[in-house]
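What follows is a set of notes on a single structure, which appears directly below.
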Amino acid sequence: MAYQVIIPAAGQGKRMGAGKNKLLLELNEVPVFIHTLRVFEEDESCDGIILAIAPQDEDSFKELLSAYGIRKVTALVYGGKERQHSVYNGLEATTTEGVVLVHDGARPFIDISLIHQLVTEASEHGAAIVAVPVKDTIKRVQQNEVVETVDRSSLWAIQTPQAFRMSILKKAHQYALETNFLGTDEASLVERLPFPVKIVEGSYDNIKLTTKEDLYFAEAILKKQGERER
């Protein structure tokens, strides 16, 4: 089932402390965002990648896309002040009326089979997101003091991709714009319509690279993947 994917890649990753866009950092001598794009490049069901980038990174991205043979990028758009604005700009460049995915450029370990499951759910139900059950004990804290221990049985940690029928995601973004709402992910916008969002259980390997410490975990995941392929 065909889909297109929007990848916001305009953030500077200040928590990474790299002094540049963290997606340009390398894992096994390959830029992070190339690892991510290769998943979609190799998926026959993906018929378009829209990258939302910062203007100052445009030349670097173009050079790397060419160097690594990434051909499915159908549009480069400029990102906005917030991630939500970047995705909105990406929506304007999509050419599908079917399913569209939004995926973090800093999550290079997404699996194609999981993508297909997500697209199927979104096509059938309208909205679906990847998540994993919370493993840690969660406590609600105020002024450095525990208020309560939260029942984690119904808590899930949300990842990307997030998949939606195009009409639903556009409606959600338009409503957020009209009501001046800034969400933390696309699902939070869709929930406000309101519209139900399905959960597809993902993998704990599908980490987002946010801090320098995450790079160590990423190297370990790459090593594990290499051992599986032998």
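Nothing in this text is a laboratory measurement; each read-out follows from the coordinates by a stated rule. In this text the structure is predicted, and so the values were computed from the model without any measurement. Glycine also receives a Cβ, built like all others from the backbone with ideal geometry; neighbour counts cover every protein chain displayed.
Assuming 0.36 nm per residue, please report the length gained on full extension of the stretch residue 38 to residue 212 beyond their Cα-Cα distance. Don't skip to the answer; put the middle values down first.
Values: separation 174, 0.36 × 174 = 62.64 nm, distance 2.26 nm.
That works out to 60.4 nm of additional length.
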Amide hydrogen neighbours beyond the local backbone of residue 27, cut-off 5 Å, H modeled: 32
Report ³J(HN,Hα) in whole Hz for each residue of region 35-51, in order, from the Karplus equation J = 6.51 cos²θ - 1.76 cosθ + 1.60 where θ = phi - 60°; Gly and Pro get x. 3, 5, 5, 4, 4, 6, 4, 7, 8, 4, 6, 7, 10, x, 10, 10, 9
Looking at the chain as a GNM with Cα springs under 10 Å, which of 148, 191, 219 has the largest mean-square fluctuation? 148
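Roughly how big is region 68-167's charge dipole about its Cα centre, with Cβ charges of +1 (Lys, Arg) and -1 (Asp, Glu), in debye to the nearest 20? Mind showing how you got there, number by number?
Details: 10 positive and 11 negative charges, 55 e Å.
In total the dipole reaches around 260 debye.
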Where labels lie 7 Å past Cα in the beta-carbon direction, separation of residue 124 and residue 224 in nm: 2.8 nm
Per residue of region 145-150, what does 6.51 cos²θ - 1.76 cosθ + 1.60 with θ = phi - 60° give for ³J(HN,Hα)? Whole Hz please, x for Gly and Pro, Karplus curve as stated. 10, 5, 8, 6, 9, 8
Under a GNM of the chain (C-alpha, springs under 10 Å), which listed residue has the highest mean-square fluctuation: 184, 94, 149? 149
Net charge contributed by nearby residues that have their C-beta within less than 14 Å of residue 164 (K/R +1, D/E -1): -1
Whose amide H sits under 5 Å from the amide H of residue 48, counting only residues 5 or more places off or on another chain, with H placed in the peptide plane? 5
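Among 1, 166, which comes first, second and so on when ranked by fewest other beta-carbon atoms within 10 Å?
In order of increasing Cβ crowding within 10 Å: 1, 166.
Around residue 89, with a cut-off of 12 angstrom between Cβ atoms, what is the net charge of the other residues, counting Lys and Arg +1 and Asp and Glu -1? Don't jump to the answer; show the numbers that get you there.
Details: positive: 81, 83; negative: 82, 92.
Result for the neighbourhood of residue 89: 0.
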If you project the alpha carbons of the chain onto the principal axes, what extent comes out on each, in Å, largest first? 52, 39, 36
Under a plain spin-label model, where a point goes 7 Å from the Cα along Cα-to-Cβ, how far apart in nm are residue 178 and residue 134? 3.3 nm
With x for Gly and Pro, the residue-by-residue ³J(HN,Hα) of region 167-182, computed from phi through the Karplus equation 6.51 cos²θ - 1.76 cosθ + 1.60 at θ = phi - 60° and given in whole Hz, is 4, 6, 5, 4, 5, 5, 5, 5, 5, 4, 5, 5, 9, 6, 9, 10
Scan around residue 156 for amide H atoms under 5 Å from its own, H built in the peptide plane at 1.01 Å from N, and keep only partners 5 or more places away or cross-chain. 134
Starting from the Cα of residue 81, draw a straight line to each of the lysines and keep only those under 25 Å, dropping any in the same chain fewer than 8 residues away. 14, 20, 22, 62, 170, 171, 208, 212
Once the in-chain neighbours fewer than 8 apart are removed, the aspartates and glutamates whose Cα is under 16 Å from residue 72 read 41, 42, 43, 44, 47, 63
Dipole magnitude of the chain about its Cα centre, charges +1 at Lys/Arg Cβ and -1 at Asp/Glu Cβ only, in debye to the nearest 20? 380 debye
